[in-house]
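Derivation of every value follows stated rules applied to the coordinates shown; laboratory data play no part. Keep in mind it's a predicted model, so treat the numbers as computed, not measured. All Cβ positions, glycine included, derive from the backbone under ideal geometry; neighbour counts span all protein chains shown.
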């Protein structure tokens, strides 16, 4: 029986598996966040500030975690100091889209690199978001400048390490896709760009080859039910335009012709892929900007995929209007017992009806007193 325990910092995700090359007694840990949206401003700690200042405050909390003890409960690493993360993940929307009043992607990417590289000593893994790519290829509304591929090219260069680095001028989204994976302590961590479209699914099969044993954790920007407008325009010449409003961010042509309709047939293809790849154990995404654990059953109910969405420090569904709810996700894993545990911050009372009958949630918020701090909250446990 595969077990999943979820702590919501909220949460812990646990599944039984066969560890490959895991160090006995070791606890793996990482931090997950998304949608930092450099270029935006918000009310924060009594004044209007830019996203760079908010990100630096969040990064200060990452450092505070190193001396913070995990909650005294049944979770992995209960009561011990979290310590330094093995890695940090941010799944896109590094730069906000360059609509009226928003700074260029060049400025945003420069700020991001300065803030994050000076604050994080652990490896940092990235994928692009829709804002990063729209800045590079254009958008259905006017941008200023019209195009700036700085964050998209920067993420590609950093993660893919091409022999010749892409520039703002040479970046080509049709060929310069971000996809990579690594195996650590018996788990394969897979990064699939914007969403697992046909291009990414083909790459995944080539990447893992015949390995059907190693459990896989996916990171991408969009949720399993990706936004209809993110697919390639099925109409006319398939262009990005103000009439159709498709954004051409995903390789798959949308199977509905109106962005107001649900891309159900496109989502079915992902459901079929997950169903045929039982090694995929969890799916992390940003884009929708609030913390939630839910189980995606697919369009036709053929799968039970544990999914985790995360808050945005700038555009949180709840934390944008109440900064006390700002949050991110922390994960710990007992690689000796092969228990995969997620402790993550929660920025709202989310819909637990989507989860299994039993799950464990533990909240931790990083700005409850308008200063860098960590506060643990309620908890629940899941068994799969």
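A few notes on this one:
- Extents of segment 103-193, taken as max minus min of Cα coordinates on every principal axis and listed largest first, are 46, 30, 25 Å.
- Each principal axis of the Cα cloud of segment 152-287 was evaluated for its coordinate range; sorted largest first, these ranges are 49, 37, 24 Å.
- Relative contact order of segment 109-172, pairs being alpha-carbon contacts under 8 Å that are 6 or more residues apart, as %: 29 percent
- Pairwise centroid distance, computed over Cα atoms, of segment 73-136 with segment 235-277, Å: 27 Å
- Relative packing of peptides 32-45, 123-136 - highest average C-beta neighbours within 10 Å first: 123-136, 32-45
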